[in-house]
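Just below is one structure, and these are the notes that go with it.
Bear in mind these aren't lab numbers, they're just calculated from the coordinates by the rules spelled out. Everything numeric in this text was worked out from a predicted model, so none of it was measured. No Cβ is skipped: glycine too gets one built from the backbone with ideal geometry, and neighbour counts run over all protein chains shown.
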Amino acid sequence: MINVEKVANDAINVIADRIKNLNRLNIIVAGKTGVGKSTLINSVFREKLADVGIGKPVTDHMCKITKKDMPLSIYDTRGFELGKGVQEEVKKEIIETISKGVASKDINEAIHCIWYCINTASNRIETEEIKWLKELSQENKITQVPVIIVLTQSFSKKKAEDMRKMLLNENLDVAQIVPVLAEDYEIEDLGTVKSYGLDTLIKVMEEVLPDELVETLQNVQMACLEEKKKKAHAAVATASAAAVGEGAAPIPLADCVMLIPTQVSMIASITVIFGLDVNKSMIAAILSSTIGAGGATILGKTVVASILKFIPGAGTLAGGAISAGTAGVITAALGEAYIGIMEKVFKGEMSIDDIGTQKGKEVMSNMFKEQLKIAKTEN
Ligand SMILES: Nc1nc2c(ncn2[C@@H]2O[C@H](COP(=O)(O)OP(=O)(O)OP(=O)(O)O)[C@@H](O)[C@H]2O)c(=O)[nH]1
Ligand SMILES: [Mg+2]
């Protein structure tokens with residue numbers, strides 16, 4: 001017999017291990033003073049990094065922001081305004097930081113991306129800024145760190161589009177030019193322009209980053225739910241296929257516990273992708289309201305019998321075994337229901353602490369049953 005507490009404990013250990021082993025994502029955020037770098041950083045990542053992160057000066061004009069338990073370093077440039085000399089220095093510091101990362105031959109030390117921020121609301125791009133970008137590209141020719149131009153404070157979409165066109169005409173060597181409004185913008189008497197564009201920035205990042213950093217990106221970002229869900233669904237598909245494989249022949253009930261490591265790994269993947277701070281009692285609540293009963297055993301006889309009732313056409317436990325397909329369906333339903341809960345928390349429809357409560361358990365249990373029905377019809 002497998003105990004809910006023990007499985008929840010295993011899951012927490014696997015989650016901690018996965019997070020510890022995520023590769024570190026390193027981004028340089030450059031652009032003139034006041035363009036909106038800090039606002040952007042705070043809106044894209046899951047902590048108000050630019051406010052609460054520890055900023056440590058690494059060069060004269062760059063500060064490295066990190067936060068405990070977050071596999072992310074942001075190199076924030078400072079004092080970009082102070083004339084030509086300083087601009088030269090900043091460029092040199094960026095190139096040196098890139099070179100140092102390359103020399104380390106360590107993915108955790110390399111610079112993976114540069115966000116160059118230009119304020120759309122400023123209405124103009126100075127020729128010296130274009131020149132600066134071109135020189136940076138020239139020096140970055142071999143290292144090839146992708147540069148994304150972020151058009152900040154783009155509350156006017158028209159101006160942002162004009163600015164984008166203007167920049168495209170310059171044939172800059174950049175991965176993409178992305179207009180964003182990081183925070184809602186209030187225009188006096190005219191109402192509020194809703195923030196937008198951050199999800200596009202995340203999608204562009206996904207394209208330019210190496211595969212080894214995609215999980216990290218999902219873990220640290222909070223600007224694009226769609227990408228998180230996409231990655232989470234993929235994790236569920238993998239686990240459910242594995243569960244089917246494990247039980248290619250009907251699985252005797254006594255062996256249903258063999259499914260558990262696959263399911264634990266799936267729960268861990270989804271947790272890492274959502275980057276939410278899930279604890280042991282929350283995982284225990286999730287397990288006991290789905291594949292466990294009454295907080296005791298997991299996938300025990302009575303539990304499986306009651307799960308089968310919700311899968312149309314799955315039959316009963318009469319033969320003392322479940323089919324391979326049913327093992328896949330149960331695994332997928334668990335994963336999808338968990339994604340459903342994570343989504344509710346992400347959207348603020350539910351607090352993370354609700355997961356451990358009776359109400360949270362009911363929501364989870366209902367979603368699980370709903371998924372059991374859906375999964376079977378899709379078969
Ligand atoms: N509403 C709204 N205000 C923004 C946005 N981006 C920047 N701002 C405002 O613009 C001002 C400057 O933004 P910051 O994020 O501090 O700019 P910064 O580039 O970090 O500036 P420095 O650190 O001084 O170089 C602040 O008052 C922000 O509130 C946005 O997307 N929406
Ligand atoms: Mg700032």
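Please state the shape class of segment 290-342: rounded when a/c is under 1.5, otherwise prolate if a/b exceeds b/c and oblate if not, all from the C-alpha gyration tensor.
Numbers: a/c = 2.24, a/b = 1.32, b/c = 1.70.
Oblate, because a/c is 1.5 or more while a/b does not exceed b/c.
How long is the chain along each principal axis, judged by its Cα atoms, biggest number first, in Å?
In descending order, the Cα extents are 80, 53, 34 Å.
Name the shape class, rounded, prolate or oblate, that the alpha-carbon gyration tensor gives for segment 199-299, where a ≥ b ≥ c are the square roots of its eigenvalues, rounded holds for a/c under 1.5, and otherwise prolate holds if a/b is larger than b/c and oblate otherwise.
oblate
With just the Cα atoms defining each centre, how far is segment 263-316 from segment 73-120? Give it in Å.
Cα centroid of segment 263-316 versus Cα centroid of segment 73-120: 46 Å apart.
Going out from 0 in 10 Å bins, what whole percent of all Cα-Cα distances in segment 1-72 drops into each bin?
In order of increasing distance, the bins hold 16, 38, 23, 14, 8, 2, 0 percent.
Could you point to the residue in GLY31, CYS224, ILE298 farthest towards the positive end of the chain's charge dipole, with +1 and -1 charges on the Cβ of Lys/Arg and Asp/Glu respectively?
Positive-most Cα among the choices belongs to ILE298.
Ranked from highest to lowest mean number of other Cβ atoms within 10 Å per residue, what is the order of the peptides 104-112, 261-269, 229-237?
Peptide ranking by packing, descending: 261-269, 229-237, 104-112.
Checking the table LYS309/LYS361; LYS105/LYS134; LYS228/LYS309; LYS37/LYS231; LYS100/LYS228; LYS20/LYS231 against a 23 Å threshold on Cα-Cα, which pairs fail? Please report the intermediate quantities before stating the final value.
Numbers: LYS309/LYS361 19 Å; LYS105/LYS134 26 Å; LYS228/LYS309 31 Å; LYS37/LYS231 28 Å; LYS100/LYS228 32 Å; LYS20/LYS231 19 Å.
Pairs exceeding 23 Å: LYS105/LYS134; LYS228/LYS309; LYS37/LYS231; LYS100/LYS228.
Could you tell me which of the pairs LYS158/LYS194; LYS68/LYS230; LYS203/LYS229; LYS64/LYS91 are separated by over 18 angstrom between their Cα atoms in the structure shown?
On the way: LYS158/LYS194 15 Å; LYS68/LYS230 27 Å; LYS203/LYS229 13 Å; LYS64/LYS91 16 Å.
With Cα atoms farther than 18 Å apart: LYS68/LYS230.
Considering only the other residues whose Cβ falls under 13 Å of the Cβ of VAL214, what net charge follows from Lys and Arg at +1 and Asp and Glu at -1?
That sum, taken over residues with Cβ under 13 Å, equals -2.
Mind putting a number on the dipole of segment 309-375 about its Cα centre? Charges go on the C-beta only, +1 for Lys and Arg and -1 for Asp and Glu, and I need it in Debye to the nearest 20. Please report the intermediate quantities before stating the final value.
Values: 7 positive and 7 negative charges, 44 e Å.
Magnitude of the dipole: close to 220 debye.
Grab the alpha carbons of segment 283-379, take their convex hull, and tell me the volume per residue in Å³.
Numbers: hull volume 8.1 nm³, N = 97.
So the per-residue hull volume is 84 Å³.
Quick check: from the Cα gyration tensor, does segment 1-143 come out rounded (a/c under 1.5), prolate or oblate?
Details: a/c = 2.99, a/b = 2.05, b/c = 1.46.
In terms of gyration-tensor shape, prolate.
Nearest 20 debye, what's the magnitude of the dipole of segment 169-296 about its Cα centre given +1 on Lys and Arg Cβ and -1 on Asp and Glu Cβ?
820 debye
About its Cα centre, how strong a charge dipole does segment 116-228 have in debye, to the nearest 20, once Lys and Arg get +1 and Asp and Glu get -1 at the Cβ? Mind dumping the intermediate values first?
Values: 12 positive and 22 negative charges, 79 e Å.
Magnitude of the dipole: close to 380 debye.
Would you mind checking the tilt of helix 225-246 against the longest principal axis of the Cα atoms of the chain, expressed as 0 to 90 degrees and rounded to 10?
40 degrees
Which whole-number percentage describes the relative contact order of the chain, with Cα contacts under 8 Å and a sequence gap of 6 or more?
With pairs under 8 Å counted, the relative contact order is 18 percent.
Placing +1 on the Cβ of each Lys and Arg and -1 on the Cβ of each Asp and Glu in the chain, which of VAL278, ALA103, TYR75 has its Cα farthest towards the positive end of the resulting dipole?
VAL278
Please report, to one decimal in angstroms, the Kirkwood hydrodynamic radius of segment 69-163 built from all distinct Cα-Cα pairs.
Roughly 14.8 Å, rounded to one decimal.
Residue-wise, which Karplus ³J(HN,Hα) couplings in Hz belong to segment 116-127, taking 6.51 cos²θ - 1.76 cosθ + 1.60, θ = phi - 60°, and x for glycine or proline?
Each residue's phi maps through the Karplus curve to give 9, 9, 10, 7, 4, 5, 6, 6, 8, 10, 7, 4 Hz.
Each residue of segment 300-313 in turn: what ³J(HN,Hα) in whole Hz from Karplus with 6.51, -1.76, 1.60 and θ = phi - 60°, glycine and Pro shown as x?
Computed from phi, the couplings for segment 300-313 are x, 4, 5, 5, 4, 4, 6, 5, 4, 4, 8, 9, x, x Hz.
Under the rule of -39500 (n - 2.57) per DSSP H run of 4 or more residues, summed and divided by the residues of the chain, what mean residue ellipticity at 222 nm is obtained, to the nearest 500 deg cm²/dmol?
Only helices count here, giving -16500 deg cm²/dmol.
Place +1 on the Cβ of every Lys and Arg and -1 on the Cβ of every Asp and Glu in the chain, take the dipole about the Cα centre, and give the residue among VAL7, MET342, LEU253 whose Cα lies farthest towards its positive end.
Farthest towards the positive end: LEU253.
If we count other beta carbons within 10 Å of each Cβ, what is the order of ASP211, ASP173, fewest first?
Ranking ASP211, ASP173 by Cβ neighbours within 10 Å, fewest first, gives ASP211, ASP173.
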